[in-house]
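The values are calculated or read from the model by the stated rules, or taken from the named source; none is laboratory data. None of the values given here were measured: they were computed from a predicted structure. Every residue, glycine among them, receives a Cβ derived from its backbone with ideal geometry; neighbour counts consider all protein chains shown. Note: accessible area is taken over every heavy atom of the protein model, side chains too, but ligands, DNA and RNA are not part of it. Shrake-Rupley method; radii C 1.70, N 1.55, O 1.52, S 1.80 Å.
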Amino acid sequence: MRSFPLPTALGWWICLTVALIDVALIGTLDFSIKADWTLLRSAALLAILAGFTIWYARRPSTYRLAVCTSAIIYLAIYSIAVVLMSYLFAAADMPLADATFVHADRALGFDWMGWLSWVNEHPRLGTILAYAYQSSMPQVACVLVLLAFTDRHEHLSEFLTLFWLTTVTTITISALLPAIGAYEYFQPARHLYENLAPSGGIAHIDQVLGLRNGTNRVVDLANLNGLVAFPSFHTQLAVITTWAFWRVPFVRYPAATLNGLVVMSTPTQGGHYLVDILAGGSLAILFILFLRPSMRGVIANCLSLSRPLVTLRNR
């Protein structure tokens, strides 16, 4: 007899809270939401998957699959809600903090333009960093599968908690200290990054500017991009996925190496400043320390919200 740990009630309450904030801001800021048939098909697929998850959870032979699919459902729903919130927060049009971040980088001895030029002069390294940067979300999928199917379900629940902790905190901070990113701030000549493919550092620029000046009030849910510059969410993902993979001995060091490259890639691929990376890494480490066993009792007693929302038992 094993209980089936769906994502915690606290996690689902956070998801609901974010969604309610989205609804309130959409009405207040006069936004409209575009949803095509692809998104509707995805929603139908998630509903079907939820039904199968309940069925899988009742059968010992498919118990691990149920754990995995429940985590996928949660992250899919939560991710849409939280990324939408980042779009709505960007419309607040707070003063950009890029100049402050550049000044801090220089005080730390980091020259973003010099780093960009150096990586561009080493195209093989640039290619490696590009692939590493794009690996962040596939790594999250691998974490869900690996922890579910190796019976590390408590660690999987903690990873989901780390995910919402980092995203909510990051988006809130970025709303108060928004930045457009290094590519827009420095506007380097194209030949300085001709050997790179910095889509993550450039693709968001027009969207952010449109949200800030009021010309963009339509959000396409099927085409959401990351808008956050400070702190770096890619860095936070690198830290928490390394923490998750560390629980599985045979993938520890490859995952740590890959995520070291992810962190290294964020200035050129994501257009991040060094302070973005330091802030993102520090936040992720603090949250991991917060979830240490000594703190779990505090969380567990907090309105009993860390209990599973639903407990099913295998027959």
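Before moving on, here are some points about what is shown:
- Here the Karplus curve 6.51 cos²θ - 1.76 cosθ + 1.60, taken at θ = phi - 60°, turns the phi angles of the stretch 121-129 into couplings of 6, 10, x, 5, 5, x, 5, 4, 5 Hz, with x standing for Gly and Pro.
- Rounded if a/c under 1.5, otherwise prolate or oblate - the stretch 58-182, Cα gyration tensor axes: oblate
- Solvent exposure of the chain, expressed per residue, is 49 Å² of accessible area, with all protein chains present and a 1.4 angstrom probe.
- Summed over qualifying helices (DSSP H, 4 residues or more, each -39500 (n - 2.57)) and divided by its residue number, the chain shows a 222 nm mean residue ellipticity of -22000 deg cm²/dmol.
- Rh by Kirkwood over Cα pairs, then Stokes-Einstein D for the stretch 119-260 at 1.002 mPa s and 20 °C, µm²/s: 126
- The share of accessible area on the chain that comes from carbon and sulfur is 66 percent, using a 1.4 angstrom probe.
- Of the trypsin sites (Lys or Arg not before Pro) in the stretch 205-263, those whose Cβ has at most 15 other Cβ within 10 Å and which sit in DSSP loop: Arg217
- Taking the longest Cα principal axis of the chain as reference, the axis of helix 233-245 is set at about 40 degrees.
- Excluding exposed DSSP-loop GluC sites (Glu not before Pro) (at most 11 other C-beta within 10 Å), longest clean stretch of the chain: 195-315
- Residues of the stretch 114-136 with amide N under 16 Å of the 7 Å Cα→Cβ point at Glu194: 117-124
- Angle between the chain longest axis and helix 37-57 axis [Cα atoms, degrees, rounded to 10]: 40
- Low-density loop cleavage sites - chymotrypsin sites (Phe, Trp or Tyr not before Pro) in the stretch 199-287, where at most 14 other Cβ are within 10 Å (DSSP): Trp246
- For the stretch 163-178 versus the stretch 118-145, the gap between their alpha-carbon centres in whole angstrom: 23
- Amide H contacts under 5 Å for Asp220, placed H, 5+ residues apart: Lys34
- The alpha carbons of the chain stretch over 64, 48, 38 Å along the principal axes, in descending order.
- Think of the chain as having a plus end and a minus end, set by charges on the Cβ of Lys, Arg, Asp and Glu; of Tyr87, Leu144, Gln269, Leu144 sits farthest toward the positive end of this dipole.
- Note on Lys34 and Leu209: the model spin-label points, each 7 Å out from Cα along the C-beta direction, lie 1.8 nm apart.
- Chain lengthening between Asn223 and Thr150 when straightened (0.36 nm per residue, less Cα-Cα): 22.9 nm
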